[in-house]
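Written below as structure tokens is the structure these notes are about.
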Amino acid sequence: MKLKKIHHVAVICSDYQRSKNFYVDVLGLTPLSEIYRAERDSYKLELEVGGQYQIELFSFPNPPERPSYPEARGLRHIAFEVEDIEEAIQELIRHHITVEPIRIDLQTSKKFTFFADPDGLPIELYER
């Protein structure tokens, strides 16, 4: 088997409209399709990231909370590449999002930082 690329990342949220607004209006991801699955009482929103990858945003009735932050088993965080990290941070701050101080990757000397989505999912920004 030879894996080609990441096809998508699935995120389950507790408040669909709030998370949809965050991923579309704050992060600027482009909606590709949105469906409501009545049999599961669940929305599925496919989002485009930079014309390549997708985030699938799901809602389900009463999803359990994340067990810990951020070192729970499983997916640790989502990371997005940005051209200018300071500019990206200022945009998040304009939306009243708390952003951690900028760190420097000791191996690449690149800047990165973390913030969280409405459900506390850690999101990383990594400067190109």
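Structural remarks
- Burial ordering of 42, 59, 109, fewest other beta-carbon atoms within 10 Å first: 109, 42, 59
- Relative exposure of 33, 19, judged by other C-beta atoms within 10 Å (fewest first): 33, 19
- Taking 20, 110, 5 and counting other C-beta atoms within 10 Å, the order from fewest to most: 5, 110, 20
- Across region 44-57, coupling constants 3J(HN,Hα) worked out from phi with the 6.51/-1.76/1.60 Karplus curve, θ = phi - 60°, read 9, 10, 8, 10, 8, 10, x, x, 10, 9, 10, 10, 9, 9 Hz, and Gly and Pro carry x.
- Over the chain, all Cα pairs binned in 10 Å intervals from 0 give whole-percent P(r) values of 11, 40, 37, 11, 1, listed from short to long.
- When both region 73-102 and region 1-56 are represented by their alpha-carbon centers, they are found 18 Å apart.
- C-alpha long axis of helix 85-94 to longest principal axis of the chain, angle in °: 50 degrees
- For the chain: lysine pairs under 26 Å (alpha-carbon distance), excluding those fewer than 8 apart on one chain: 7
- Look at the dipole of the chain built from charges on Cβ: of 58, 89, 114, the Cα furthest out on the positive end belongs to 58.
- In the chain, a dipole from Cβ-located charges (positive for Lys and Arg, negative for Asp and Glu) runs towards its positive end, and of 35, 9, 99 it is 9 whose Cα lies farthest in that direction.
- Charged-residue dipole, Cβ positions (Lys, Arg, Asp, Glu), the chain about Cα centre, Debye nearest 20: 520 debye
- Amide H contacts under 5 Å for residue 82, placed H, 5+ residues apart: 126, 127, 128
Values in this text are rule-based calculations from the coordinates and carry no lab data. Please read these numbers as outputs of a predicted model, since none were measured by experiment. Cβ atoms come from the backbone with ideal geometry, glycine included; neighbour counts cover every protein chain shown.
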